[in-house]
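Computed from the coordinates by the stated procedures, all read-outs in this text should not be read as laboratory data. Note that this is a predicted model, so its numbers are computed, not measured. Cβ: placed from backbone, ideal geometry, glycine included. Neighbour counts: every protein chain shown.
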Amino acid sequence: MTVTDHELDEMLFRFHCEATEQAVTPTLVARWTAAYPHYAEDIREHAVELLDMSFRASANGAAISAGRSPARIEPVTVPTPGMTSETAPSTLREALRTVGLTLRDFADGIDIARSIVTDVNDGEIVKETIPRRFLRIGAARAGTATDWFKAVVMTTNDKGELPAFKSTGDPLPGRQRTWEEAIRDTDMDEDRIAFWLSDEG
Amino acid sequence: MQDQEHGSEGVDREDWLDRINRNDLRSAKPQAIAAACRRLNPERDVLLRGRLLDHLAKLATDHLAMRVDRRLPNEGRDAIGEVVGNMVASIIDPDAADGRGFEHSFINKLEHRLIDHVRRWRRETVVIEPQLSDEVTGHALERPDGYGLSPEDEAMAQDIVAGLPDNYRKAFLLRRAGFAYDAASRSESIAAMLGVTPKTAKAWVEKAHALIHQQLGIRR
């Protein structure tokens, strides 16, 4: 840590202590940014994150008081006109990364076998057989519009460079499976399999 | 140095052992526990120090779990693991500046480090946020000052606010904390805090209000 980094770190810690004691207010932030104009952006960023974090603690506390798990706070699905199929990332992995999720987190979050999400990402499942239920629940988990999420799922084809040391010919694409074949091949329990095989009208 | 090698200067070992035996560490201030950990003899008191550090790690994990953004990778668990791991390392390192910070104000230092982690993550990650295009949606938005949620609605709205896109939520929280859209002299504004124009700041707050009302089923 350089001298400057250390000075910034110390200053932010003192700001944090005071802001926690008094609350984040325009006056408090203005006083600190005036005192340390060269660190004004760091002070503002820290203040915003502190405000956000304090709110989250309060919301989670309220959820626990109401007998609910704080993890059940779900992202609000909002109309997102800026997210069009033209702006959608080319793979599901990339799309989820932009909202802070890995393929594994995403699969666990919607309670589906991780292999299914990997197969969707890799384009191993026939697109036309992927049900609306997956698109709706997936979009809600990612906090995106369903149309945008669907655009990602319909284009994702994230096959990596697979080693083919034993092959004497060029690698060939494997046979795609249908959604039903893929779901039935997982080790999910029967209830989950039934859930993911039934679709919504 | 003599004390550090052969004893545990200023630490009442018997008192800490007694607290552990009575399962009563919760009544001790975490900064006091951190201070004790830093002064206990690392060889003679290895077990006692381990028990105290275990308690601090548990306490820190619980505290951060209530505050971490679940949209971080692995739902924030990696962030918590990193912050708590660094906390333990800095407490047992007599030269670590953070160790002194944990002695001085344990919770504040912990939160400070979580915020550092979140800020780093935000810089490294391009988070997709809904773009503003009122022209596309055609939704007319009222002035936010006129919304006036009742206390009951406010309580119900907490879950909804927590699930709002980052920018909307932060703008909403800043507005609620008394920040204006534009900077008055000698003050800070939502626009300055979020690095956007006052018009965008206002639109984000309005969007947040509109979504909260929509989710609550309140007709405006």
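Looking only at other chains, what is the average number of their beta-carbon atoms within 10 angstrom of each beta-carbon in A:24-36?
Mean partner-chain Cβ count within 10 Å for A:24-36: 4.
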request  = Give me a single rounded figure for B:204-210: the average over its residues of other chain Cβ atoms within 10 Å of their Cβ.
outcome  = 1
Kirkwood Rh and Cα Rg combined as Rg over Rh, evaluated for region B:48-132 = 1.05
key: Cross-link partners of A:LYS159 among lysines (Cα-Cα below 28 Å; sequence separation of 8 or more within a chain)   = A:LYS127, A:LYS150
message = P(r) for region A:3-71, please, calculated from all Cα pair distances in 5 Å bins and given in %.
response = 3, 16, 24, 19, 12, 10, 8, 5, 2, 0
request  = Evaluate peptide B:158-168: per residue, the Cβ atoms of other protein chains within 10 Å of its Cβ; return the mean as an integer.
outcome  = 6
key: Separation of the A:ARG133 and A:ARG14 label points, Cα + 7 Å toward Cβ, nm   = 5.9 nm
